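First the structure, in the form of structure tokens, and then the observations on it.
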Amino acid sequence: MRSIDWKKYLFVLVITVSLFGTALYVSSRLNDRRIDEIRSIGDQISIDILSSETQFSLLAESSCKDLAGQSILSKEINSLAEKLSYTEERLGSDNPEVIELKRYYSLLEIKDYLLMKRVSAKCGTKPITVLYFYSNDGACTDCEKAGYVLTALRERYPDLRVYSFDYHLNLSALRTLISIFNIEPRLPAIMIGDEVFYGFTPLEEIEAKVPELAESLATSTSTSTPKR
Amino acid sequence: MPPFFGELLPHILIFISLYFEVFLLVTFFERREEISKESPEPKAFPTATVIVPCFNEEKTVAGTLDSLLALDYPKDKLAIFAIDDGSTDGTWKVMQAYKDHPQIRLFQKENEGSKYKALNLGLAHATSEIVGCLDADSFVDPKALKRIVLRFENPETMAVTPAIKLHQPKNFIQMMQRAEYSFSVLIRKVFALIGSVYITPGPFSFFRKSVFDTLGPYRHAHHTEDLEIGLRMQTKDYRIDNAHDAYVYTVAPSTLRGLFKQRVRWVHGFLENALDYRQIFFKRRYGNLSMFILPLAVLSVFSALYFAAYTLFYAGLTISEKVTEIRIIGLTLDWPRVATDWFFLNTESLMLLSIALILITFALLVTGKAIGREKLLSRDMLYFMVCYGFVAPWWLLKSVYNTAFSRKTSWR
């Protein structure tokens, strides 16, 4: 019978478990920090929107020249979308924290959209907005492709404002938005102006049907789109 | 990818790899003083025979024999058997220059397709206390035999393996192997320290002659006779030591094709012999070898294949996404965006663990270099760490395939 130094095996196990545990711990802590960062960007945007609304009310009687610029619309929404989309990819779309953040983000988008509508109505600007409805339940095979098209649109028309929504997200404000615009659950759905495109629509087709794009009248900034 | 194959399995396999690497480091540090001290002169010089099987080695055989003649060892105690194994080139002619040398004896035989018969011919004529072999494309350090003999002073030691390094690596393929050999200098030492050497490699391993008298000569053993004899000795509880300062230099394949062929022979030979000797797996009485080293050696083959498939799967996914993107919106000539925000860094546990694994592998390479008294940092380590993972899976795959479908591997 040859000897086996069990104590050494145990010692090595302790070291390995510590290494392994450290890696798991660090990874999980960094994910928590990502969630925190997203939440804090969200809070920032929330304050921005509130402030813009207040500014809008205060200046309601005055001229549009203080409002017309995009300065009152939050630019952070772009960075938030990118980070949220990345986190969703990493942690999975069924992660409760991800779902919570998505609800928050969608609400901010809707508020931003409404504020922008009010500004444009008062001041006569004609921003082009895109409402993009996707789903990541696996059934939407064309959502990835639609994401690429929207990214390309955004790059081509920097003034475009893209709002993307997970169609199946459980958020009453979103449900209302969907029912107001009569968006059917045929995804992906892209609404530009009054035109709704269902399924995958090539870039050229969108450009042909929305001449305003070429005219590039929009004065708003753009937001990013999750590739789903 | 289902969660088991995408998440749980890679974590388990990385855990085992980390465990093995930590085990190597801990064992080395336990015994580092003993490893780093200079070997004294041996007290006695047993008679020794070196068998040099040669098949079409006209270019290197003279160098091999000269290096043996230059060994710092009493001339009357060392015999060299040069065996022409039916070469079809000028090997036999080159060997004639040594025919009158008092230490050298020349043999010639028909080639029978495997090296072990040439070795057995030498064994049949050997009468010395210890016998070793040396491939005719390898060269020994003058001190090598003395350092090996020193290890035989322990009466229980039945065989001693050397530290194998590469002879003048020139191109990229050879440089990559250089680091790999440095790594195996450490592995051989650690395995010897825990009684788990299962390969007594062709270049300059020595045996007590009684090993062959008792256990019989070399066998065909799927063209890896140096592995089979190691395993056979282990089944008899024979002690195999390693002289980490007995340097022997071997010529490595210089082409990918040559390397691939050599490694398929090695790995296929290992798997076949592991099957032949499966009875020594997981038997408490065979110690570390049986409970830890051999199972891990088999697992490592499949683990490497799994990670290769894993990488290919995700690379394929990325490429197909990129292709879809180009098909939808055309080729954009933007620079790929570099994430400047920590937020987008990949800090998944698998990534962090892989980094830990790479760092420890690097530490082991440096340790191997230190044991082999080489420069601690060199280019070849980079080549090895970056490129080895791309080439090794191919010969592993072929070896597993050959083993599963019992294909014969040719010797040359």
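The values are calculated or read from the model by the stated rules, or taken from the named source; none is laboratory data. Small disclaimer: the values here were computed from a predicted structure and weren't measured. Counting neighbours? That spans all protein chains shown, and the Cβs are built from the backbone with ideal geometry, glycine included.
Things to note:
- Residue in segment A:217-226 that is away from every other protein chain (no Cβ under 14 Å), out of contact with any Gly (no Cβ under 6 Å at 6 or more places or on another chain), surrounded by 13 or more Cβ atoms within 10 Å (Cβ to Cβ) and modelled with pLDDT of 85 or more present: no
- Here B:L345, B:L352 are screened, and the one residue that is within 13 Å of chain A (Cβ to nearest Cβ) and over 30 Å from A:R156 (Cβ atoms) is B:L352.
Table: residues versus (1) β-branched (V, I, T); (2) under 20 Å from B:N154 (Cβ atoms).
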| site | (1), (2) |
| --- | --- |
| B:Q177 | no, no |
| B:S182 | no, no |
| B:V190 | yes, yes |
| B:V197 | yes, yes |
| B:S210 | no, yes |
| B:G216 | no, no |
| B:A221 | no, no |
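- Taking each residue of segment B:168-186 that is under 22 Å from B:G63 (Cα atoms) and looking for partners that are of a type in the set (G, A, S) and surrounded by fewer than 21 Cβ atoms within 10 Å (Cβ to Cβ) with beta-carbon atoms closer than 6 Å, six or more apart or interchain, yields B:N171/B:S254; B:Q174/B:S254.
For (1) among the β-branched types (V, I, T); (2) in contact with a helix residue (DSSP H, G or I) (Cβ under 7 Å, 6 or more places away or on another chain); (3) on the phi < 0 side of the Ramachandran plot; (4) in contact (Cβ under 8 Å) with a residue 60 or more places away in the chain, each residue gets a yes or a no:
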residue	(1), (2), (3), (4)
B:L231	no, yes, yes, no
B:T235	yes, yes, yes, no
B:Y238	no, yes, yes, yes
B:V248	yes, yes, yes, yes
B:V251	yes, no, yes, yes
B:V298	yes, yes, yes, no
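- Every residue from segment A:141-186 that is within 14 Å of chain B (Cβ to nearest Cβ) and of a type in the set (K, R): A:K145, A:R154, A:R156
- Close pairs from segment A:1-21: first facing chain B (nearest Cβ under 8 Å) and more than 24 Å from B:S349 (Cβ to Cβ), partner among the basic types (K, R) and in a helix (DSSP H, G or I), Cβ under 8 Å, at least 6 apart: A:M1/B:R284; A:M1/B:R285; A:R2/B:R285; A:I4/B:R284
- Filter result (more than 14 Å from A:L177 (Cα to Cα), of a type outside the set (S, T, Y) and in contact with a Leu (Cβ under 7 Å, 6 or more places away or on another chain)) within segment A:123-139: A:C123, A:K126, A:I128
- Of the strands (runs of 3 or more DSSP E) lying entirely inside segment B:46-112, the ones with 1 or more residues being within 29 Å of the chain's Cα centre (by Cα) and under 23 Å from B:L150 (Cβ atoms) are found at B:48-54, B:78-85.
- So B:R105, is it touching a residue at least 60 places away in the same chain (Cβ under 8 Å) and among the charged types (D, E, K, R): no
- Looking across A:S40, A:S27, one residue alone is assigned to a helix (DSSP H, G or I) and more than 8 Å from chain B (Cβ to nearest Cβ). It is A:S40.
- Failed item in (1) within 14 Å of another protein chain (Cβ to nearest Cβ); (2) in a helix (DSSP H, G or I); (3) within 27 Å of B:H11 (Cα to Cα), with B:E325 passing the rest: (3)
Results for (1) surrounded by 15 or more Cβ atoms within 10 Å (Cβ to Cβ); (2) hydroxyl-bearing (S, T, Y); (3) over 26 Å from B:L193 (Cα atoms), shown as yes or no for each residue.
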{"site": "B:S300", "(1), (2), (3)": "yes, yes, no"}
{"site": "B:Y306", "(1), (2), (3)": "yes, yes, yes"}
{"site": "B:L312", "(1), (2), (3)": "no, no, yes"}
{"site": "B:V323", "(1), (2), (3)": "no, no, yes"}
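- Of the residues making up segment B:22-37, those that are more than 12 Å from chain A (Cβ to nearest Cβ) and either among the aliphatic types (A, V, I, L, M) or on the phi > 0 side of the Ramachandran plot (or both) number 1.
- Test result for B:I148, within 14 Å of chain A (Cβ to nearest Cβ) and either within 22 Å of B:L296 (Cα to Cα) or surrounded by 22 or more Cβ atoms within 10 Å (Cβ to Cβ) (or both): no
- Residue check, A:L50 loosely packed, with under 15 Cβ neighbours inside 10 Å and modelled with pLDDT of 80 or more: yes
- Residue that is of a type in the set (A, V, I, L, M), over 22 Å from B:G6 (Cα atoms) and within 14 Å of another protein chain (Cβ to nearest Cβ), where the choices are A:L108, A:L101, A:L115: A:L101
- If you check B:P162, B:P169, B:P155 for being farther than 18 Å from B:L231 by Cβ and under 14 Å from the mean Cα position of the chain (by Cα), only one passes: B:P162.
- Inside segment B:208-240, residues that are crowded, with 23+ Cβ neighbours inside 10 Å and either within 14 Å of chain A (Cβ to nearest Cβ) or assigned to a strand (DSSP E or B) (or both) make up a count of 2.
- Residue check, A:T141 of a type in the set (V, I, T), in contact with a helix residue (DSSP H, G or I) (Cβ under 9 Å, 6 or more places away or on another chain) and not in a strand (DSSP E or B): no
- The condition of being within 14 Å of chain A (Cβ to nearest Cβ) and polar (S, T, N, Q) holds for B:S290.
- Taking the numbered list (1) over 30 Å from A:S79 (Cα atoms); (2) surrounded by 15 or more Cβ atoms within 10 Å (Cβ to Cβ); (3) of a type in the set (A, V, I, L, M) in turn, B:I328 passes all entries but (1).
- Residue among B:L8, B:L25 that alone is closer than 24 Å to B:N242 by Cβ, among the aliphatic types (A, V, I, L, M) and either in contact with a Ser or Thr (Cβ under 9 Å, 6 or more places away or on another chain) or surrounded by fewer than 16 Cβ atoms within 10 Å (Cβ to Cβ) (or both): B:L25
Residue-wise test of (1) at negative phi; (2) in a loop (DSSP other than H, G, I, E, B).
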{"residue": "B:T161", "(1), (2)": "yes, no"}
{"residue": "B:P169", "(1), (2)": "yes, yes"}
{"residue": "B:I187", "(1), (2)": "yes, no"}
{"residue": "B:G195", "(1), (2)": "no, yes"}
{"residue": "B:P201", "(1), (2)": "yes, yes"}
